[in-house]
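All remarks here apply to the structure that follows.
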Amino acid sequence: MRLLKKHLAIFLILPIVIGIGFLNINIYASKDNGTMYLKDHKGDRSVLQDITIEGELRDVFHSTSFKLEKSELKTDTLIYSYPNDMPYGLYYIPGRPLTMNGVAYEVMGNRTFDIYERNIENSLVTNSPSQSTVSTNVMSRFYTNQLEYGLTEIDGTPYFTVVLDESHAGENGIYTKSSQSFIWDIVKYYRFEENQDPDTSNIAVLGLESVGDTLVLILKNENNLSVKTYSTVGFELGETTLPNFFEEQNDSSFKEYPYEAFPNDDEMLLTLSFQTNSAPLQRDIVTIDFSEGAEVIDVVELLLDEITLNTVTEPTSKMLYKNNKLFIAKTVRDDRPSMRNLNQIARPVYFVIYVYEDGKLIYQGELVSDFNDDILLYKTDSTTPGPSSNGVQLRNFVNVTIE
Amino acid sequence: MESFYRLLNYEISSMIKGVLLICFLTLILPVILIYRTVGSHNLNERFEEIYASSGTIVVFYLLIVILLTYYILRVYSGYWGNKSIYTFLTLPVNRRVIYLSKLSAFMICFLLFYVTKILSVHIGYHVFILRVDRIAGNEFIMNNGLFLAVLRSNYLQILFPYSFHAILSNIAIVICLVTSVYYAALCERSQKYLGFIFVILSVGLTVFVLIDRINRTIYDNSGWYISSGFLLVLSLFFIWHSIKLYKRGAIV
């Protein structure tokens, strides 16, 4: 007791230093204790040999990056010194700005279109947009999609066309903008002879895409899907048609044709994933080869059975057609009857990987993570999270790529 | 050095009972508060939310105030009762050593308080998990929840600093807090009331830094370093001037 009293300082300092060190390090050393592994539901994961799926599961405070390469998963967790904003607009949601090359685009107007560009590399909020104008000869105001579907880019240069429906008989065009200009220049005027006569008019423009250095005009010709390709200076390169791709339409009510486009620039392939009007959970996915002209090489019907798309936080949807296989990485929300008693937001979200070959599902896997732990918050609470919850209270998959 | 060590042990042993009582409350109160707060109505809430709503944070600030008040009482006890301060000043040791030994004792006791606090967070988390598990099974338990709570809670970020600038800021705040409280007591004893200006300045700065850290509004390293530097410079001033007051015998 006397010894203790005589050397009380030492007897205190040692456990204090060890305690402070251990209790702090113990917290941060557990950064790698998160869940992240690949679970096979169907088929063998060796089919993922040819591709690399990368991404991050992150909030504003930390990020767990994952890399699925040669069928093997590697993960690493990074803690940010300062809260780090979530990347914005990685996925195009109709009605929201379209992001290409770190620039968010918004299109407004008719006949004369104002295009707003905002650099979002640093922050979306602080940058005021720069405005430029496209003057067209378009008289119609009936569009097939959001106007942003008419935008694409090649090597940082944007291109634009107007997504007009089949009632438009006049001239449309593909426009481009040189870097500092405020007026867009014409690349190529085009018009459809079929649309001149109201009885035969049936060609609608759904969007403009690009693969490699080729511009691809996506068209709906009656119920057929057509694509027409142009060089960046407006030469017609080729075209192809996939018959009876769209469903028969009985009513003439207003319809949109939302789709997602995933180019594989190395192999000159473009994969288009269309939402179908009758079954909102079905995707009709078509891959077109542009290496010589244009040729449809693959059609896949993806039926998302008893799941809905994850729309509360920015959903992930990535596709790649490579080596005769279609690879899909998607976040989907569980919608099975057993989950229906939960709030929409509290239903689990899964990161799923599908692989199709010759139109058949050969592999289905899931990247299991702690994503759903964050939405436990809403399990008994009926409030819906605001956009500010994204990243602060909820983790999300970002920067997902398939290569 | 030997006299410093002997004095240090004397100072610690003379105040350890009071400090241990405060530490005991620091350890036990959060656990009771967390246990009480978790119920079947808030199972969905995360640990950091339960931690905040249970009142644990207020209790923590209150306990800091109690600890610092206890330090002041320790300084004043030298003037009351046996008037040990007079004995001390006649000891054949440098008066600087007398000051530094008491200051070091205050520091060590503060670190003891801190380590008990972070231990109580760990224990509190396990109590939280056990309680939730008892009520609803593991359905509501987040994987790696304590790590996530520390990352996401601004308050827990102060207790568990991750980056170097946050650790430095914590060190500066603690040193400044302890030296300024001690200095304030010495100023009052020696009737150097001008010194209170610096004490108020340091308390104000500490509060501003803590508010900024809780709101996470400091986004660049220089802001952290400047505030920590200011606090450390103020601490050095407190130490320098306290030693001067001791040497002059002004404190009696």
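The values are calculated or read from the model by the stated rules, or taken from the named source; none is laboratory data. Being a predicted model, the structure only gives us computed values, none of them experimental. For neighbour counting, all protein chains shown are included, and Cβ atoms are generated from backbone atoms with ideal geometry for every residue, glycine included.
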message: So the check is Cβ under 6 Å with 6+ separation or different chains; which pairs have a first residue in the stretch B:215-227 that's among the hydrophobic types (A, V, I, L, M, F, W, C) and a second one that's not in a loop (DSSP other than H, G, I, E, B)?
response: B:218/B:212; B:218/B:224; B:224/B:165; B:224/B:169
- prompt: Yes or no: residue A:326 at pLDDT 90 or above, more than 23 Å from residue A:151 (Cβ to Cβ) and under 18 Å from the mean Cα position of the chain (by Cα)?
  reply: yes
field: residue A:67 being touching a Gly at 6+ places or on another chain (Cβ under 9 Å) and either at the interface with chain B (Cβ under 9 Å from one of its Cβ atoms) or surrounded by fewer than 19 Cβ atoms within 10 Å (Cβ to Cβ) (or both)
entry: yes
query: Hey, among A:370, A:381, A:374, which residue is assigned by TED's automatic domain parsing to the domain that holds residue A:62 and modelled with pLDDT under 80?
result: A:381
message: Out of everything in the stretch A:32-46 that is surrounded by 18 or more Cβ atoms within 10 Å (Cβ to Cβ) and within 14 Å of chain B (Cβ to nearest Cβ), what residue ends up being farthest from residue B:157 (Cα to Cα)?
response: A:36
Considering residues of the stretch B:37-96 that are under 26 Å from residue B:151 (Cβ atoms), among the polar types (S, T, N, Q) and in contact (Cβ under 8 Å) with a residue 40 or more places away in the chain only, the residue surrounded by the fewest Cβ atoms within 10 Å (Cβ to Cβ): B:44
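Residue-by-condition table, conditions (1) under 19 Å from residue A:289 (Cβ atoms); (2) part of a loop (DSSP other than H, G, I, E, B):
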residue	(1), (2)
A:205	no, no
A:209	yes, no
A:217	yes, no
A:220	no, no
A:227	yes, no
A:248	no, yes
task: Just name the residue that is farthest from residue A:379 (Cα to Cα) out of those in the stretch B:122-134 that are away from every other protein chain (no Cβ under 12 Å) and loosely packed, with under 15 Cβ neighbours inside 10 Å.
output: B:126
message: Can you say whether residue B:118 is assigned to a helix (DSSP H, G or I) and either within 14 Å of chain A (Cβ to nearest Cβ) or aromatic (Phe, Trp, Tyr) (or both), as far as the supplied structure shows?
response: yes
statement: Only one of (1) modelled with pLDDT under 95; (2) within 8 Å of chain B (Cβ to nearest Cβ) does not apply to residue A:49, and that is (2)
- prompt: Which ranges mark the helices (runs of 4 or more DSSP H) fully within the stretch B:150-252 that have 3 or more residues being among the basic types (Lys, Arg)?
  reply: B:221-248
- prompt: Is at least one residue of the stretch B:25-47 at pLDDT 95 or above, within 29 Å of residue B:95 (Cβ to Cβ) and assigned to a helix (DSSP H, G or I)?
  reply: no
task: Please specify each residue of the stretch B:65-89 satisfying the condition of being part of a loop (DSSP other than H, G, I, E, B) and of a type outside the set (Phe, Trp, Tyr).
output: B:78, B:81, B:82, B:83
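Let's see how each residue does on (1) hydroxyl-bearing (Ser, Thr, Tyr); (2) farther than 24 Å from residue B:141 by Cβ; (3) not in a helix (DSSP H, G or I):
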| position | (1), (2), (3) |
| --- | --- |
| B:3 | yes, yes, no |
| B:52 | no, no, no |
| B:58 | no, yes, no |
| B:63 | no, yes, no |
- request: Of all residues in the stretch B:205-248, count the ones that are within 24 Å of residue B:94 (Cβ to Cβ) and among the small types (Gly, Ala, Ser).
  value: 2
